[in-house]
Amino acid sequence: MSEHKDHHITPISTLVGTFLTLVVLMALTIFSSKIDLTPLGNNIANLGIAFVKATLVVRIFMGLAYSSKLAKLFGLAGFVWLVLMGITFGDYATRKWEPVHGWYAKDGGNGNPNDPAPTEQMRVNPDPNPPAEKTEE
Amino acid sequence: MATTATPHGAHHDDRVYHQFEDYEQQTDSYVIGMWCFVVQEIMFFGALFMAYTLYRWKYQDDFYQARQTLNILWGAVNTTVLLTSSFSMALAVHYAQQKKQALQQACLFFTLLCACAFLFVKLYFEWAEKFRLHHVMGPQFHWTGSGSPAHIQLFFSLYFGMTGLHGVHVLAGIIVIGILMFMTHKNYPSVRDYIPTELVGLYWHFVDIVWIFLFPLFYLMPK
Amino acid sequence: MSTKAISQEETSHIAERKNYLNNGSSISSWLLTFDHKRIAFMYLISISFFFLIGAIAAGIVRLELVSPNGVMLENETFNKMFSAHGITMVFFFLVPSIPATLGNFLLPIMVGARDLAFPRMNLLSWYLYVIAGILLLLAVFMGGVDTGWTFYTPFSSLYSKTQVTLAVSAAFLAGFSSILTGINFIVTVHKMRCPGMTWDRLPLFVWAMYATSLIMILGTPVVAITLLLVAFERVFSIGVFSPELGGDPVLFQHMFWFYSHPAVYIMVLPGMGVISEIMAAFSRKRVFGYHFVAYSSLAIAALGFIVWGHHMFVSSQSMYQGIVFSLVSFLVAVPSAIKVFNWTATMYKGNIDLSTPMLYALGFLGLFVIGGLTGLYLACIGTDVHLTGTYFVVAHFHFVMVGGSVTAFLGGLHFWWPKMFGRMYPEFWGKMAALITFVGFIVTFMPQFILGFLGMPRRYHLYYFAGAEFQPYHIMSTAGSSVLAVGLLMPALYLTWSLKYGEPASRNPFHAVGLEWTTQSPPPTENFDTPPVVTWEAYDYGEMEAHEAHLDEAELEEGGEAKKEVEKL
């Protein structure tokens, strides 16, 4: 059994190159934030550049590019938290969606087929001075 | 047949702890163990990033108002400092692998200095100003600009919470690097090979990555 | 069939043999040990202590509920009682129970290693747990918490005047204890399997521990930061969940349940692993559908991460998101059902031995199925609106956690007790305890389903608004709890008794297949005299006789040598 498997030693030139790239990217992100690319554009630029920087650090500084497949798999596990974020956002994003028509009783319990729209049915304490009804009661 | 502590037969590598069979198994185990820890830390900070993103989405304008009070220059300085420390940490690992102890210690020391500089800038220049301007949450909070004070206070809660937690991790890193340097200096057997340095490096790079995301999200927030 | 006990002659030299228990007897050899077996023993003592605390709190709660107007407690104190019960039982008993005791002890032996990957980190885990426990006790003695174990904001972060910061710090540290255990297990299973131990030959207990560890590593940090934020809010006014600042208390619930739902799988998956082992051993048959059971553990872990919203159907969470959560909650029942079917098929045409561990396993089968099925009522949003926050939920989770996890824990404890301590427990008392626990449990928790359906809310101290209707069920439940208490106390007593006075156990008293049964009882510190090389499939009960004969021969040889050594002295 070999005592010492050749562990990859990243050459200094690679490290220096990566470092300089990171600094340049940082400058780029500051520069891009001063330009108005629409908020969405700025956000994408910021996060995109940050993502590239993080990838460089992970692959080269942390050595994941030269590590075993198992280590790479574990590195991928770092993205699991996006599940938390995605689904929670699903909640907040869909809270204001209108309830689906037809899910509530057609009449408000009054036996009137020409009832108000469902959202109005959900009011617990009806307005004592309701606006003019659409139909005769 | 002996029943107790003598380890398995054949060669017994001094660097290998008793539960491992050989050096390669040991190093691989340590590296993926450290990755497990880093993944766990990602989940830890990730939840905070989620909370931040949610509130920023809801209160974009107020958050932008608050963000104006953050000094991009100091943020950029800190980012550069931290990137440099990451570079010197990677160099330290490089020299550790080549068994060049003096250079390794020098790089570790430089990393330590950068980390301390980071904390200094953060605490003395940035946070102190916040305290002076009464931007810190709590009974002292007082906001004179435009935007809802409640939401501004939420921004600062997140700001202090996240940069504070990051700062605690930087401090922990400083302590760990210090201990590593001390043990290397005294030639403790457990730091004889490069693996402890590599593990500390993995932690330190993670701390750097968190800041790589914190910087644009807080300091460079668009309108 | 050879007997479980052994001859007088063999007794003497087994007692002489060096094993992990007698390898050093000073306090520091225990408190500073790196041996996973000793650490498992220390965990066993600690979690039993916290189980006692939680059980006492539960007893007080049940006593209090006998009368619609309460018996002896103030409202505040009642709140503190059920909170203490929840926090202690969830964070300090159920989450560590099987992983930290049976897992710690057995995992290295089952994969054929000398220890876990990181023995020192294992010890650190235990110390973190102990420190967390001290913090919790401090919180309890300094007034307790009244927020419930779920610490919902803004009550816990803004308005509660109790020891919330201490309690969440305790839970935070206990969480890190379990994270470190998880890291240890994952690396051990990946890297330290002995030659011949492929993934397909791993015992299903190991697969279950692996899935559990995945959840521990990925889920626990989220609750750690959530609880930390609650503490920050109380201490530093960092108001992330505060409605006054525009924060959303429901965000706390999202973040909290993101861990706490997978946490229940942390509690039940190890139990399922134990049941797989017991089913195979006491049906003398390999587990039916090995790969299905193995992969279902992973499926439960994965699906368990995306169902947390089913705790929040009525929390103002979006209805559409609720539908998604509801659907996936139905899906997550499928892998559990797969396991139940496979265990049943394992028993079919097996040679069933109704010993104590098997009684616990059979109890698990029935009780877990009831618990799981009632979970489906709660996964369905329509019925959940009626049942949420009632005793139906309480009954459901007690069925799966007590009827499931605790039963499995006791079954595993009995199954591996001879291996761990070299002593047999008294079989008669074991069977008695299993039956008494089963009966007591059903009488305690079945009425609670009815109570919940009738509308009795959970965490309520007084129920005078429906006293006549609810009281009979509450009385039945309390009566059952006293029987359950007896059933749970009995193993504590006779197992401790057996440590000194139990019959010495042989290497393989239950004639089971597994690497842990090839080494002596109790194992030596290094686990194996010679590192094992595995050439047989998991649960290879067909080939067992030949293999056992070979091992018995080796043992007799060894016994002869040891005897000579003893005679030399």
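A few remarks follow.
- Members of the range A:26-85 that are of a type in the set (Lys, Arg) and either more than 7 Å from chain B (Cβ to nearest Cβ) or touching a residue at least 60 places away in the same chain (Cβ under 8 Å) (or both): A:Lys34, A:Arg59, A:Lys69, A:Lys72
- Qualifying residues in the range C:304-318 (those that are within 11 Å of chain A (Cβ to nearest Cβ) and not polar (S, T, N, Q)) - the one farthest from C:Val264 (Cα to Cα): C:Met312
- Index of the failed condition, B:Tyr194 passing every other in (1) at the interface with chain A (Cβ under 9 Å from one of its Cβ atoms); (2) closer than 25 Å to B:Asn78 by Cβ: (2)
- Unmet requirement for B:Gly164, which otherwise passes all of (1) at pLDDT 95 or above; (2) surrounded by fewer than 19 Cβ atoms within 10 Å (Cβ to Cβ); (3) among the small types (Gly, Ala, Ser): (1)
- Filtering the range B:77-92 to residues that are within 7 Å of chain A (Cβ to nearest Cβ) and touching a residue at least 40 places away in the same chain (Cβ under 8 Å) leaves B:Thr79, B:Leu83, B:Ser86, B:Ala90.
- Across the range C:254-301, the number of residues qualifying as of a type in the set (S, T, N, Q) and either within 19 Å of C:Ala512 (Cα to Cα) or modelled with pLDDT under 95 (or both) comes to 2.
- Scanning the range B:131-150 for residues that are touching a residue at least 24 places away in the same chain (Cβ under 8 Å), part of a helix (DSSP H, G or I) and among the charged types (D, E, K, R) turns up nothing.
- Qualifying residue in the range C:372-390 (condition: surrounded by 24 or more Cβ atoms within 10 Å (Cβ to Cβ), of a type in the set (A, V, I, L, M, F, W, C), part of a helix (DSSP H, G or I) and touching a Leu at 6+ places or on another chain (Cβ under 9 Å)): no
- Matching residues in the range C:200-213 - criterion: being in a helix (DSSP H, G or I) and crowded, with 24+ Cβ neighbours inside 10 Å: C:Leu204, C:Phe205, C:Val206, C:Trp207, C:Ala208, C:Met209, C:Tyr210, C:Ala211, C:Thr212, C:Ser213
So that you can scan it fast, the table gives a plain yes or no per residue for (1) away from every other protein chain (no Cβ under 13 Å); (2) under 20 Å from the mean Cα position of the chain (by Cα); (3) over 29 Å from A:Pro39 (Cβ atoms); (4) in a loop (DSSP other than H, G, I, E, B):
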| position | (1), (2), (3), (4) |
| --- | --- |
| B:Leu70 | no, no, no, yes |
| B:Leu103 | no, no, yes, no |
| B:Ala128 | yes, no, yes, no |
| B:Leu154 | no, no, no, no |
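- For the range C:422-442, the set of residues classified as within 19 Å of the chain's Cα centre (by Cα) and either polar (S, T, N, Q) or not in a helix (DSSP H, G or I) (or both) consists of C:Thr437 only.
- Restricting attention to the range C:215-271 and to residues that are among the charged types (D, E, K, R) and surrounded by fewer than 24 Cβ atoms within 10 Å (Cβ to Cβ), the residue that is farthest from the other protein chains (Cβ to nearest Cβ) turns out to be C:Arg234.
- Complete set of residues in the range C:256-293 that are part of a helix (DSSP H, G or I) and either aromatic (Phe, Trp, Tyr) or in contact with a Cys (Cβ under 7 Å, 6 or more places away or on another chain) (or both): C:Phe256, C:Trp257, C:Phe258, C:Tyr259, C:Tyr265, C:Phe282, C:Tyr290, C:Phe292
- Count of residues meeting criterion [within 14 Å of chain B (Cβ to nearest Cβ) and surrounded by fewer than 20 Cβ atoms within 10 Å (Cβ to Cβ)] in the range C:525-540: 5
- No other residue among C:Phe91, C:Phe118, C:Phe51 is within 24 Å of C:Leu180 (Cα to Cα) and within 14 Å of another protein chain (Cβ to nearest Cβ) apart from C:Phe118.
- Residues of the range B:10-49 that are more than 7 Å from chain A (Cβ to nearest Cβ), of a type in the set (Phe, Trp, Tyr) and closer than 30 Å to C:Val222 by Cβ: B:Tyr30, B:Phe37, B:Phe44, B:Phe45, B:Phe49.
Each row is one residue, and each column tells you yes or no for (1) under 24 Å from the mean Cα position of the chain (by Cα); (2) in a loop (DSSP other than H, G, I, E, B); (3) not small (Gly, Ala, Ser).
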position	(1), (2), (3)
C:Leu354	yes, yes, yes
C:Gly363	yes, no, no
C:Phe399	yes, no, yes
C:Leu413	yes, no, yes
C:Pro418	yes, no, yes
C:Thr444	yes, no, yes
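- Note on the range C:170-195: among residues that are crowded, with 24+ Cβ neighbours inside 10 Å, in contact with a Cys (Cβ under 8 Å, 6 or more places away or on another chain) and closer than 12 Å to C:Ala211 by Cα, the one that is farthest from the other protein chains (Cβ to nearest Cβ) is C:Gly182.
The values are calculated or read from the model by the stated rules, or taken from the named source; none is laboratory data. Everything numeric in this text was worked out from a predicted model, so none of it was measured. Neighbour counts are summed over all protein chains in view; Cβ atoms, including those assigned to glycine, are modelled from backbone coordinates with ideal geometry.
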